[in-house]
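Have a look at the structure below before the remarks.
The values are calculated or read from the model by the stated rules, or taken from the named source; none is laboratory data. Computed from a predicted structure; not experimentally measured. Neighbour counts run over all protein chains shown; Cβ positions are idealised from the backbone, glycine included.
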Amino acid sequence: MIPGSKQGHNQRRRILAVWLLAVGGYLLMPLASIEALATTIYSYIDEKGTPVITDNFNTIPEQYRARVKTTEQISTAPQSTSTIGSINERLSHFGGQLRAMVSGAAPNISGLSPSQSEILTYAGLAAIVLLVAMNLSKGPFIRLLALWCLIMVGLATPILLYVSNDGPMDVMKNKASQIEKKHQDRVQQIP
């Protein structure tokens, strides 16, 4: 065995461990946080006789603060539900941020429509991630899975480019509808 390869293997394992810790920490952070199960609700009646309810004491005008009634509202949802909900919310927020970041970073490739440029950018990023997974993985199953996904990306990308907005299929549909419209106009002009 080559001495340098063992050192490279250990470095790959450390990088993978750091990434797993970062992702795991991000996903498990809501489990460690203590959520308040009670909320204070403030209510008062304004000069017009309208009842006003708020959960922020600072939004209450000074003249009504002496007449404020406070109520503790206890959450009926169990904490596990709110934790799962917060994990779901974090993941959806992270996914939205990632989509916005990647869609804003997709370059306009000359000769391609914006949607085709995005498809090509996503496919390229997926290919890079899969190639890195193949090289960092030491298990044959992960390597085979990454290779299979890479082949699927390679097969799906041209199809997605073909059927995308302003792609060749869309252009052909528009030309066919224009020809059909001209044909219909000619048929209506015949006496």
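Do any residues in the range 49-68 that are not in a loop (DSSP other than H, G, I, E, B) have Cβ atoms under 7 Å from those of residues that are not hydroxyl-bearing (Ser, Thr, Tyr), where the two are at least six apart or on different chains, and which pairs are they?
Between residues of the range 49-68 that are not in a loop (DSSP other than H, G, I, E, B) and residues that are not hydroxyl-bearing (Ser, Thr, Tyr), the close pairs are 51/45; 52/46; 53/41; 54/60; 64/46.
I need every pair where a residue in the range 168-190 that is in the same structural domain as residue 157 (by TED's automatic domain parsing) has its Cβ under 7 Å from the Cβ of a residue that is part of a helix (DSSP H, G or I) and surrounded by fewer than 10 Cβ atoms within 10 Å (Cβ to Cβ), sequence separation at least 6 or different chains.
none
In the list 77, 106, 100, 123, which residue meets the criterion of being of a type in the set (A, V, I, L, M) and at pLDDT 70 or above?
Among 77, 106, 100, 123, only 123 is of a type in the set (A, V, I, L, M) and at pLDDT 70 or above.
Just for the range 136-153: of the residues that are in contact (Cβ under 8 Å) with a residue 12 or more places away in the chain and in a helix (DSSP H, G or I), which one is surrounded by the fewest Cβ atoms within 10 Å (Cβ to Cβ)?
That would be 147.
May I ask you to verify whether residue 180 is of a type in the set (Asp, Glu) and closer than 30 Å to residue 15 by Cα?
no
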